[in-house]
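Colleague: Shown below is the structure under consideration.
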Amino acid sequence: MDNKQLPAFRAEGLTKVYGSGESTVYALRGVDLAVPRGEMVVLLGPSGSGKSTLLNILGGLDSPTDGRVFFDNQELTAFDDRHLTRFRREHVGFVFQFYNLIPSLTARENVALVTEIAQDPMSPEKALELVGLGQRMDHFPAQLSGGEQQRVAIARAIAKQPRVLFCDEPTGALDSKTGIVVLEAIARVNRELGTTAMVITHNAAIAGMANRVLTMADGQIQHTEVNARPCEPRELSW
Amino acid sequence: MLELFKPLDRKLLRDLWAIKGQALAIALVIGCGIGMYVMSKGMLVSLAETRAAYYERYRFANVWAPVKRAPDALLDTIVALPGVRRAETRIRAGVILDVEGAVAPITGEIQSLPAIRGPHINDFVLRQGRYPDPVREEEVLALDAFAEAHKLLPGDHVHAILNGTKKKLTITGLVLAPEYVYAISPGEIVPDKKRFGVLWMSRDALGHAFDLDGAFNEAVLLTSTGSHEEALLDRLDRLLKRYGATGAYGREQQISDQFLTNEIDQLETMGKLLPPIFLLVATFLLNVVIGRLIDTEREQIGLLKAFGYRDTTVALHYMKMIGAVTLVGVVIGIVLGLWLGHGLANMYQDYFKFPFLLFRAPPDVYLVAVGFSLLVAGVGTFSSVRRVVQLDPAVAMVPPPPPDYSRSARWLELLARWIDQPSRMILRHLYRWPRRAAMTCIGIAMSMGLLIGSSFSLDAMIYMVDISFNVIDRQDVTVSFVEPRNIRAIQDVLHAPGAISAEPFRAIPVVLRNGPRSRREAIIGLGQSPELSRVVDTQLRPVPIPEQGIVLSDKLAELLQVREGELLRVEVRTGRRPELDVPVSGVVKTYMGTAAYMDLEAMNRMLKEDTAISGSYLLVDPDHTEAFYQALKNTPVVAGVSLQEQAQKAFYDTLQESLGTFVFFNTIFAGLIALGVVYNSARISLSERGRELASLRVLGLTRGEVSYILLGELALLTLIALPIGALLGYLLAWTLVQSFNTELFRIPLIISPSTYGYAALVVVLSALASGLLVNRRVQKLDLIAVLKTRE
């Protein structure tokens, strides 16, 4: 089977329920989804709409109450914890809102932390060049600005050459100018390495740079918008 | 005000519940210290009070004045001496006992019994049976412990050689006596109930047997309060000189009381030394745990202050938390102490023969325990509580910036090049928080030190016994004669079946004087190069006995403050009782007693006597011991027999029972400390770095890889702590050795490699156990939370 024809992710009837009885909360209510390979996807929606839950399930951090997720032709929802760890280790890059860098490691070492355990990584130096931090490789997180820290986090996420990059509110803690520099790094990775990228945000302005915009509300995808001509991040403003 | 407290108190309870594992670990360490204190202090008080009550009720003598033979009429003169409240005379002699079923002869003592009931001074408790009928000469009372060991009951028989005549005696009653609380045969080091017997027989019968009709060979005295004992001893010696006095002595030289005092002193040392160590560790733990807990709660503290809670109210909140943990520790400690105390009392009851021994800690023990714990808690958490007071709410509510790791040591960076990122994280983390790392390290090291310090005594004792029985006293049997005999008597002994070789010795009672210092001792006269019972130096090389002068054990030289080459006044208390100055020709290291040696011929010259000997050391063919013992039992001239093998066995048995139990409990205590320190460090690290570790998991690091970062650090600290712990253990052992330096024993500073190994093993296993406990939490890290939250 030709993998290129397959979507990067396919989800069928994803449901996630927290609690039971009267306190039951539906985070996801039967989400169906296909994310094409190499696309930049932005997930929009207010707090509690289920976008983080969806991303966590796709990223192998959480499992759905019901429904199935396929990555290539492998069913993620059938994986046990060990396989999920391997899946994350080999194929997935994560970028967090609060960077979550290791303070005791330099920028280069934070990236090396991941490349040391990856199968076919690029060098930490190249990854940092890609996000425009070639000059600050030997700085510790405490010596970097927020935007720089987030770009280290992106370098760390993409250095293993992952198939997918998940970014949960990557600009949430940054001002707009710094945010755009970070988004540019994500766009560049998506473009130059062909990494499928999913970015969660509640900032609708960011949607302009996406190939595809999924808008979520009440645990469901309300509508999907395909953007024929995504713009460059620097053209965005908020 | 009360309303204001309520939600905070609820927070307190929930916070405590959340850190219950850590709180319990701290409470346990405090509990160990308090338990140790309550046990040793309580036992000390109980033992001292029991002894005082027992001595008081049964009128334990203050002074003993042994003589060769003195007329009964002399009693009036003795009573008239100033400082004497009451005096009694008696007959006391060494006997060889033979009990059915016992292969070897048994050394014992026999004492005279007044015609009516028991003696007034040194009275005893009649446990079972009745007093002997004064007209029935064969009836005797026997020491309870001895009878019990041989399963003898009133009505049973023992054989005794009384002054050369073998007699069959009937036991009518069993007694406990204050003179034999620690029933030990003279010259032995541990009591052996089976191997030492005491009998009481009617005065008339005993007088007949020992040719002491109308005479006595020992006076026992009660002194009046405030009297000067030294002066009385001098007067007694002068008065009794012509009756062959060997020197009057007080309680401090009465063997049973001496051992009892020794034990009480040891308890006191233990009670002073060990609990503070536990409490010090607890201080450490509280400092580390509470300090770091407060760091993780800084936002909450800021919030409370922003709401308008006063600094003192917030500080009080944390002080209550500390107080609660401490009090739980105190309760654990008191319960543990009482439990251990009762156990120890039972053990002592078997060891020291008291008619009653109740473990009872006086109220001030508990007060001190509570006071000390609170002090420890206060000292341990002072800086943390001060930080709470000083924390500015505006600052506290802003999350702290990421810790700066940029200032690192060059050596560390050089090293870092060669290792993977997780290991770099470990090293930089340690370097960034050196105080924290040091605290953990010292805490672990202390537990190991404590273990070594408390179990080394077993090594030291075993070494001491090995030296005593295999290097110094290599004979199988020591035979003492009733009276000094000509050296030809050696030949008679050698004729006994199984005897291979024999060496003579002579023991004479003396008073050694150096200026104002004097000691009542015995000098042992030995051949010039003895092969069996030898004198050895610190390197365990045999020291030949010089033809001139006297060789002293180091302890005796220290007590008399005399050095090699100086003159010592020797007042002989037997025979012609010469008094002369003798040069100290050598000082040798000994671990037991306060021995003095002379050349046998030189001694006899000094006594102006022919070659007389008191007994002989013997090597016996192991295949013929039974026949040899049988011959001894029927040898009238033998007054005492000491069997090395049985003495050694008794020693090991006692060690296993007493020290073994002690070491066992200390192992548990030390393990708990190590567990407390490591578990707490790991738990706090986890709460501080949980987010960091969870992000690593999200990045695809396996559980094992993440655990490595957290536990690798603790493993490294444990590893570093091991040599420090070994050093602390050595220092503690050294301190204990100094404080256990008594007339009876000097414990050598011997720590076997296996003790170090054992301590290290306990520490490593405890660290491993806490690692596993924490690892369970690492496995359950919440990966999703880290994506959203910050700190």
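The values are calculated or read from the model by the stated rules, or taken from the named source; none is laboratory data. Note that this is a predicted model, so its numbers are computed, not measured. Please note: Cβ atoms are built from the backbone with ideal geometry, for glycine as well, and neighbour counts cover all protein chains shown.
Colleague: Would it be correct to say that B:G207 is touching a helix residue (DSSP H, G or I) at 6+ places or on another chain (Cβ under 9 Å) and touching a residue at least 60 places away in the same chain (Cβ under 8 Å)?
Modeller: no
Colleague: Of the conditions (1) buried (at least 18 other Cβ atoms within 10 Å of the Cβ); (2) out of contact with any Lys or Arg (no Cβ under 9 Å at 6 or more places or on another chain); (3) closer than 26 Å to A:R212 by Cβ, A:K160 clears all except one; give me its number.
Modeller: (2)
Colleague: From the set of residues in the range B:750-767 that are β-branched (V, I, T) and assigned to a helix (DSSP H, G or I), which is farthest from B:I668 (Cα to Cα)?
Modeller: Within the range B:750-767, the subset β-branched (V, I, T) is B:750-751, B:755, B:762-764.
Filter once more, keeping what is assigned to a helix (DSSP H, G or I): B:755, B:762-764.
On the way: B:T755: 15, B:V762: 9, B:V763: 11, B:V764: 13 Å.
So the residue we want is B:T755.
Colleague: Now for a separate question. Out of B:L222, B:L174, B:L169, B:L199, I need the residue that is buried (at least 21 other Cβ atoms within 10 Å of the Cβ) and in contact (Cβ under 8 Å) with a residue 60 or more places away in the chain. Which one? Spell out how you get there, then give the answer.
Modeller: Details: B:L222 fails: buried (at least 21 other Cβ atoms within 10 Å of the Cβ); B:L174 fails: in contact (Cβ under 8 Å) with a residue 60 or more places away in the chain; B:L169 fails: in contact (Cβ under 8 Å) with a residue 60 or more places away in the chain.
Result of the check over B:L222, B:L174, B:L169, B:L199: B:L199.
Colleague: Taking B:R563 as the residue in question, decide whether it is out of contact with any strand residue (DSSP E or B) (no Cβ under 6 Å at 6 or more places or on another chain), in the same structural domain as B:I487 (by TED's automatic domain parsing), surrounded by fewer than 16 Cβ atoms within 10 Å (Cβ to Cβ) and at pLDDT 90 or above. Don't jump to the end; show me each part of the working.
Modeller: Values: out of contact with any strand residue (DSSP E or B) (no Cβ under 6 Å at 6 or more places or on another chain): yes; in the same structural domain as B:I487 (by TED's automatic domain parsing): yes; surrounded by fewer than 16 Cβ atoms within 10 Å (Cβ to Cβ): yes; at pLDDT 90 or above: yes.
Answer is yes for this residue.
Colleague: Could you name every one of the strands (runs of 3 or more DSSP E) located completely within the range A:36-109 that has at least 2 residues being facing another protein chain (nearest Cβ under 9 Å)?
Modeller: On the way: elements: A:40-44, A:66-71, A:92-95.
By residue number, A:92-95.
Colleague: Based on what the data block shows, is A:A157 within 12 Å of chain B (Cβ to nearest Cβ) and among the aliphatic types (A, V, I, L, M)?
Modeller: On the way: within 12 Å of chain B (Cβ to nearest Cβ): yes; among the aliphatic types (A, V, I, L, M): yes.
Yes.
Colleague: Which pairs have Cβ atoms under 8 Å, sit 6 or more apart or on different chains, and link a residue in the range A:114-133 that is away from every other protein chain (no Cβ under 14 Å) and on the phi > 0 side of the Ramachandran plot to one that is in a helix (DSSP H, G or I) and at pLDDT 85 or above?
Modeller: Hits for this filter: A:G132/A:R151; A:G132/A:V181; A:G132/A:A185.
Colleague: Here's another thing I want to ask about it. Quick one: B:V198 ticks every box in (1) β-branched (V, I, T); (2) within 23 Å of B:Q254 (Cβ to Cβ); (3) out of contact with any strand residue (DSSP E or B) (no Cβ under 8 Å at 6 or more places or on another chain) except a single one, so which number is it?
Modeller: Among (1) β-branched (V, I, T); (2) within 23 Å of B:Q254 (Cβ to Cβ); (3) out of contact with any strand residue (DSSP E or B) (no Cβ under 8 Å at 6 or more places or on another chain), B:V198 violates only (3).
Colleague: B:F278 is checked against (1) in contact with a Cys (Cβ under 6 Å, 6 or more places away or on another chain); (2) of a type outside the set (A, V, I, L, M); (3) not in a helix (DSSP H, G or I) and fails just one. What number does that condition carry?
Modeller: Status for B:F278: all satisfied but (3).
Colleague: I've got another one for you. So which of B:A345, B:A438, B:A361 is surrounded by 14 or more Cβ atoms within 10 Å (Cβ to Cβ), without any contact (Cβ under 8 Å) to a residue 24 or more places away in the chain and out of contact with any Ser or Thr (no Cβ under 6 Å at 6 or more places or on another chain)? Can you show your working first?
Modeller: Working: B:A345 fails: without any contact (Cβ under 8 Å) to a residue 24 or more places away in the chain; B:A361 fails: without any contact (Cβ under 8 Å) to a residue 24 or more places away in the chain.
None of the other options fit; the residue is B:A438.
Colleague: Here are some residues: B:L414, B:L375. Which one is surrounded by fewer than 21 Cβ atoms within 10 Å (Cβ to Cβ) and either not assigned by TED's automatic domain parsing to the domain that holds B:L273 or not in a helix (DSSP H, G or I) (or both)?
Modeller: Values: B:L375 fails: either not assigned by TED's automatic domain parsing to the domain that holds B:L273 or not in a helix (DSSP H, G or I) (or both).
The match here is B:L414.
Colleague: Is one or more of the residues making up the range B:91-109 free of Cβ contacts under 8 Å to residues at least 24 places away in the same chain and out of contact with any Lys or Arg (no Cβ under 8 Å at 6 or more places or on another chain)? Spell out how you get there, then give the answer.
Modeller: Going through the range B:91-109, the residues free of Cβ contacts under 8 Å to residues at least 24 places away in the same chain turn out to be none.
No: zero hits.
Colleague: While we're looking at this one, here's another question. Just to be sure, is B:V641 more than 17 Å from the chain's Cα centre (by Cα), farther than 20 Å from B:H429 by Cα, within 14 Å of another protein chain (Cβ to nearest Cβ) and β-branched (V, I, T)? Give the steps one after another, and end with the answer.
Modeller: Working: more than 17 Å from the chain's Cα centre (by Cα): yes; farther than 20 Å from B:H429 by Cα: yes; within 14 Å of another protein chain (Cβ to nearest Cβ): no; β-branched (V, I, T): yes.
Answer is no for this residue.
Colleague: For residues that are hydrophobic (A, V, I, L, M, F, W, C) and surrounded by fewer than 22 Cβ atoms within 10 Å (Cβ to Cβ), tally how many sit in the range B:261-292.
Modeller: The first filter runs over the range B:261-292 and keeps only residues hydrophobic (A, V, I, L, M, F, W, C), leaving B:264, B:267, B:270, B:273-274, B:277-282, B:284-286, B:288-290.
Then drop every residue that is not surrounded by fewer than 22 Cβ atoms within 10 Å (Cβ to Cβ), which leaves B:264, B:273, B:280.
So the count comes out to 3.
Colleague: Does A:G147 count as part of a loop (DSSP other than H, G, I, E, B), at pLDDT 85 or above and small (G, A, S)?
Modeller: Details: part of a loop (DSSP other than H, G, I, E, B): no; at pLDDT 85 or above: yes; small (G, A, S): yes.
For A:G147, the condition - part of a loop (DSSP other than H, G, I, E, B), at pLDDT 85 or above and small (G, A, S) - is not met.
Colleague: Select from the range B:768-791 the residues that are within 14 Å of chain A (Cβ to nearest Cβ), at pLDDT 80 or above and in a helix (DSSP H, G or I) and list them in ascending order.
Modeller: B:V778, B:Q779
Colleague: Need the failing condition index for A:D168 against (1) under 22 Å from B:P403 (Cβ atoms); (2) facing chain B (nearest Cβ under 8 Å); (3) at pLDDT 85 or above, just the number.
Modeller: Result: A:D168 fails condition (1) only.
Colleague: Going by the structure shown, is B:S468 more than 14 Å from every other protein chain (Cβ to nearest Cβ), among the small types (G, A, S) and touching a strand residue (DSSP E or B) at 6+ places or on another chain (Cβ under 9 Å)? If you could, list the steps in order and put the result at the bottom.
Modeller: Working: more than 14 Å from every other protein chain (Cβ to nearest Cβ): yes; among the small types (G, A, S): yes; touching a strand residue (DSSP E or B) at 6+ places or on another chain (Cβ under 9 Å): yes.
Considered against the rule, which asks whether it is more than 14 Å from every other protein chain (Cβ to nearest Cβ), among the small types (G, A, S) and touching a strand residue (DSSP E or B) at 6+ places or on another chain (Cβ under 9 Å), B:S468 comes out as yes.
Residue-by-condition table, conditions (1) part of a loop (DSSP other than H, G, I, E, B); (2) on the phi < 0 side of the Ramachandran plot; (3) out of contact with any Cys (no Cβ under 6 Å at 6 or more places or on another chain); (4) free of Cβ contacts under 8 Å to residues at least 40 places away in the same chain:
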position	(1), (2), (3), (4)
B:Q491	no, yes, yes, yes
B:P497	yes, yes, yes, no
B:I500	no, yes, yes, no
B:P504	no, yes, yes, no
B:P509	no, yes, yes, no
B:I523	no, yes, yes, no
B:Q528	yes, yes, yes, no
B:P544	yes, yes, yes, yes
